[in-house]
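Below you'll find the structure, written out as structure tokens, and then a few comments.
The values are calculated or read from the model by the stated rules, or taken from the named source; none is laboratory data. Everything numeric here is computed off the predicted structure, so don't read it as measured data. Using ideal geometry, Cβ is built from the backbone for each residue, glycine included, and neighbour counts are taken over all protein chains shown. Each accessible area value is taken on the protein alone, full model and side chains, heavy atoms only, with ligands, DNA and RNA left out. Shrake-Rupley method; radii C 1.70, N 1.55, O 1.52, S 1.80 Å.
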Amino acid sequence: MTRQILLRVAAAAACAAALGCTKAASSASPAGAADAKTFLDTANDTTLKLGVQQAQAGWVQQNFITDDTEAMAARASQAANDAGTRFAKEATKYDKVNVPADERRMLNLLKVGNVLAPPSDPKESDELAKIMARLESTYGRGKWCTDPSKADTCKTVEDVTRILAAPGDEPKLRAAWEGWHTISPPMRKDYQRFVELSNKGARELAFADTGAMWRSKYDMPPDAFTKELDRLWDQVRPLYLKLHAYARLKLHQKYGDVVPPNGPIPAHLLGNIWAQEWGNIYPLVAPPNADPGYSLTEILKKRKMPPLDMVRTGERFYTSLGFAPLPKTFWERSLFVRPKDREVVCHASAWDVDFVEDVRIKMCIEPNAEDFTTIHHELGHDFYQRAYKDQPVLFRDSANDGFHEAIGDSIVLSMTPGYLKQLGLIQNVPNDEHGLIDVQLKDALTRVSFLPFGLLIDKWRWAVFSGAIKPADYNRTWWELRTKYQGVAAPVSRSEDDFDPGAKFHVAANVPYMRYFLARILQFQFHRAMCQAAGFHGPLHECSVYGNKAAGDRLRAMLALGRSKPWPEALQAMTGQRDMDGSALLEYFAPLQKWLKEQNQGQKCGW
Ligand code: X8Z
Ligand code: ZN
């Protein structure tokens with residue numbers, strides 16, 4: 001199916017290159033093709049102009065949350081989204097016009113690329129824009145206050161993250177988990193209305209609903225994309241199940257019957273508010289006498305490494321691959337720590353405000369391993385953005401959205417113990433099998449644990465958008481999916497008075513999430529490709545491409561394509577493969593998978 005689409009585009013290119021080559025070409029009026037070109041010029045220019053305004057207003061809103069900045073951001077987003085929807089409609093006028101391949105691709109991207117399609121009724125578009133800004137601000141301002149009348153009892157997302165990251169005290173963890181989930185019930189009504197309005201807009205663009213619109217942008221028919229996801233999940237699921245069974249056994253030994261030996265794991269015991277990455281429970285589940293040789297969090301804390309140094313260390317990795325250093329404005333304009341004097345959206349993000357050079361990150365950095373890796377993740381976005389800056393505006397994006405999320409993470413895969421030693425952060429590289437398993441276990445608790453979470457968020461949203469999940473069942477179905485895919489359960493009883501999906505940033509802020517699932521697969525493919533380019537022949541988990549220009553060249557060539565080619569072509573240019581494929585992840589974790597199998601002898605996998 002993918003090929004069919006590619007062939008159609010390729011045929012158009014060949015045809016346009018050869019003058020008067022086919023009947024179809026000669027029957028298309030020259031005026032039609034010229035109109036298409038004029039339309040695309042306008043779409044490129046307007047997308048840039050409104051996109052910059054949206055980014056500027058969004059930046060200010062997220063860095064200074066007030067009623068006014070929220071209103072200004074809502075207006076700027078509304079203008080950009082209205083234009084995006086108008087362009088999507090207008091692009092269909094050129095469906096039968098013969099245009100060069102690049103222009104055909106731009107027309108297609110305009111039709112499928114919107115995340116939010118406001119309805120054409122201006123009142124409804126207005127209402128939707130306000131709801132979106134309010135949902136995002138509600139999340140940004142969200143705090144758990146043990147006594148709401150006293151500001152000093154209020155805890156931010158970093159505070160709650162810190163509590164849940166320290167395993168051991170079950171009632172304390174439960175209270176923090178429950179506390180954070182009090183931020184989202186006020187979002188429920190807005191969310192329901194957002195679903196109605198955004199679906200209305202998507203239907204005006206001839207999509208069945210907003211979820212169908214989200215699934216249509218992967219250079220393949222939307223149903224084929226859904227099948228791809230299931231195929232990828234089936235590929236990696238056996239490893240996840242083994243990791244889950246092992247972690248559950250250890251947590252059962254630690255917490256007793258709070259963790260059922262054969263059932264789902266309570267979500268507050270996995271080291272993270274959303275149980276999406278479990279790296280923080282490593283000390284609880286590590287084998288006896290484990291020695292991963294180091295705890296990066298401990299090292300960063302002990303050294304009191306300033307946030308700016310953590311970012312500079314990240315930048316150095318990219319420059320070691322031959323990327324130009326970040327511009328001066330990056331250092332002047334980014335947000336690195338939570339300001340004391342105002343409300344900000346602390347969820348980490350990367351920005352490309354002028355679509356060219358004005359790249360930034362916005363993070364509330366804490367000295368821990370998680371934030372150290374998130375810095376590399378965010379910088380991956382910024383270096384991607386700069387690499388495709390010479391593309392036409394409509395191609396200034398990643399090959400598919402999973403690519404954008406995977407770049408920084410593929411760099412993190414090169415942060416091997418060997419690399420950390422090179423940086424002087426650790427003294428010894430664990431060099432026996434015992435040490436290897438310890439490192440891999442810790443790594444898998446972070447990366448592999450995430451896979452079903454990455455998958456289920458949009459499984460839930462797609463069903464919400466399609467109407468398969470009704471508002472009256474928002475919370476129940478959320479937990480059904482969390483149990484089905486992740487094997488986790490709510491630690492306290494939940495009802496439809498709760499709105500637990502809204503306690504996750506991307507739901508409140510309407511950021512599609514399947515990209516992160518794809519990224520967990522792709523990052524290993526990218527890592528393998530960079531290691532091959534670097535001429536590395538050992539086991540994948542030992543490879544670091546730090547300082548390797550050949551690996552950097554391979555990466556940059558793909559990044560520079562932006563969105564100008566269907567993603568299988570970009571993937572092929574980088575990896576030689578045209579399909580997303582979990583085999584690189586499995587190759588990376590092969591030693592751990594074998595070890596987990598031995599550890600789980602006699603244990604039930606699954607729940
Ligand atoms: O949102 C992010 C990044 C910004 S694009 C920090 N991530 C997802 C999350 O935090 O839920 C990275 C991993 C998954
Ligand atoms: Zn990201």
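When the surface is traced with a 1.4 Å probe over the full set of protein chains, T319 keeps roughly 40 Å² accessible.
Can you tally the net charge around D121? Count Lys and Arg as +1, Asp and Glu as -1, for every other residue whose Cβ sits under 12 Å from the Cβ of D121. Overall, the nearby charge balance is -3.
Rg and Dmax of segment 194-331, based on Cα coordinates, read 22.4, 61 Å.
Rg ratio for segment 420-524: its Cα radius of gyration over 2.2 N^0.38 Å, N being its residue count, equals 1.42.
Computed across segment 238-314, the Kirkwood radius stands at 14.4 Å (inverse of mean 1/r, all Cα pairs). For segment 28-125, the solvent-accessible area of protein heavy atoms averages 46 Å² per residue (probe radius 1.4 Å; ligands and nucleic acids excluded). Within the full protein context, the accessible area of C145 is estimated at about 40 Å² for a probe radius of 1.4 Å. Return the whole-Å distance between the Cα centroid of segment 400-472 and the Cα centroid of segment 307-380. Cα centroid to Cα centroid, the span is 19 Å. Per residue, the convex hull spanned by the Cα atoms of segment 510-598 amounts to 122 cubic angstrom. Compared with the alpha-carbon gap, the fully stretched path from H537 to F64 is longer by 165.3 nm at 0.36 nm per residue. Summing +1 for each Lys or Arg and -1 for each Asp or Glu among the other residues whose beta-carbon sits under 13 angstrom from that of F465 gives +3.
With 29 Å as the limit, the listed pairs K304/K340; K484/K504; K301/K594; K340/K504 have K301/K594 beyond it between alpha carbons.
Can you list which of the trypsin sites (Lys or Arg not before Pro) found in segment 317-352 are DSSP loop residues with at most 11 other C-beta atoms within 10 Å?
Details: sites: K328, R333, K340, R342; in loops: K340, R342.
Passing sites in segment 317-352 are K340, R342.
Centroid-to-centroid, using Cα positions, segment 543-607 and segment 248-272 are 30 Å apart. The Stokes-Einstein estimate for the chain, based on a Kirkwood radius over Cα pairs and taken at 20 °C with 1.002 mPa s viscosity, is a diffusion coefficient of 85 µm²/s. Summing charges over neighbours of G179, with a neighbour being any other residue whose Cβ is under 11 Å away from its Cβ, gives +2 when K and R count +1 and D and E count -1.
Give me the number: length gained by fully extending A224 to A573, i.e. 0.36 nm times residue separation minus the C-alpha to C-alpha distance, one decimal in nm. Write out the running numbers ahead of the final one.
Details: separation 349, 0.36 × 349 = 125.64 nm, distance 2.24 nm.
That works out to 123.4 nm of additional length.
The share of accessible area on the chain that comes from carbon and sulfur is 53 percent, using a 1.4 angstrom probe.
Residues R86, R386, R248, R174, sorted by accessible area with the largest first, give R86, R174, R386, R248 [1.4 Å probe; ligands and nucleic acids excluded].
Tell me the per residue accessible area of segment 383-520 using a 1.4 Å probe; a whole number in Å² is fine.
Working: 3900 Å² over 138 residues.
Heavy-atom accessible area per residue stands at 28 Å².
Distance from a point 7 Å along Cα→Cβ of K594 to each backbone N in segment 530-552: keep the residues under 13 Å and list them by number. Flagged as within label range: 539-540. Taking a ≥ b ≥ c as the square roots of the eigenvalues of the alpha-carbon gyration tensor, segment 288-401 is classed prolate because a/c is 1.5 or more and a/b outweighs b/c.
Taking 0.36 nm per residue of separation and subtracting the Cα-Cα distance, full extension of the segment from K49 to R141 would add 30.2 nm.
With a probe of 1.4 Å, find how much accessible area segment 139-237 has per residue, and write the answer as a whole number in Å².
On the way: 4320 Å² over 99 residues.
Computed with neighbouring chains in place, this is 44 Å² per residue.
Determine, from the Cβ-Cβ distance of D257 and S149 and an R0 of 35 Å, the FRET efficiency 1/(1 + (r/R0)^6), rounded to the nearest 0.05. Provide the component values of the computation, followed by the final result.
Working: r = 37 Å, r/R0 = 1.06.
With a Förster radius of 35 Å, E is 0.40.
I need the shape label for segment 489-538. Rule: rounded when a/c is under 1.5, else prolate if a/b > b/c, else oblate, with a, b, c from the alpha carbon gyration tensor. Prolate.
Once all protein chains are placed together, Y94 keeps about 20 Å² accessible to a 1.4 angstrom probe. Note on segment 452-605: Rg/Rh from C-alpha atoms, Kirkwood Rh, equals 1.07.
Based solely on its DSSP helices, what 222 nm [θ] is calculated for the chain when runs of n ≥ 4 H residues each add -39,500 (n - 2.57) and the sum is averaged over all residues, nearest 500 deg cm²/dmol? Can you show the working numbers first?
Details: 27 runs with 360 residues, N = 607.
Value at 222 nm, helices only, nearest 500: -19000 deg cm²/dmol.
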